[in-house]
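The block underneath contains the structure these notes are about, expressed in structure tokens.
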Amino acid sequence: MTDLVSDYVDHHLSMWDRLRFQLHLGMCRHCREYLRQVRLTRETVGALPPEMPDEVRDALLDRFRTWRRPPGPDDAYR
Ligand SMILES: [Zn+2]
């Protein structure tokens, strides 16, 4: 699901996947929270200097991505 969130934000999903994702968002608050965070991250990265090398930006994005994940199936307290 977390990969889908990135594709969703980047508009890389097909219309069908997009619809299914939105359906899931309606039922899953973890994904809604994750989507909110990804969008926030994108805005933050978008505000960085444009001359930043792609590698640095990607490294930052990766850092943000793993910074706080929504609880997964192996989350003990749920
Ligand atoms: Zn979900």
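Go through segment 46-78 residue by residue and tally those that are at pLDDT below 80, more than 16 Å from the ligand (Cβ to nearest atom) and in a helix (DSSP H, G or I).
So the count comes out to 4.
Residues in segment 1-42 that are within 11 Å of the ligand (Cβ to nearest atom) and among the basic types (Lys, Arg): how many?
The number of residues fulfilling the criteria is 2.
The values are calculated or read from the model by the stated rules, or taken from the named source; none is laboratory data. What you see is a predicted model, and the numbers here were worked out from it, not measured in a lab. Positions of Cβ are backbone-derived with ideal geometry, glycine not excepted, and every protein chain shown enters the neighbour counts.
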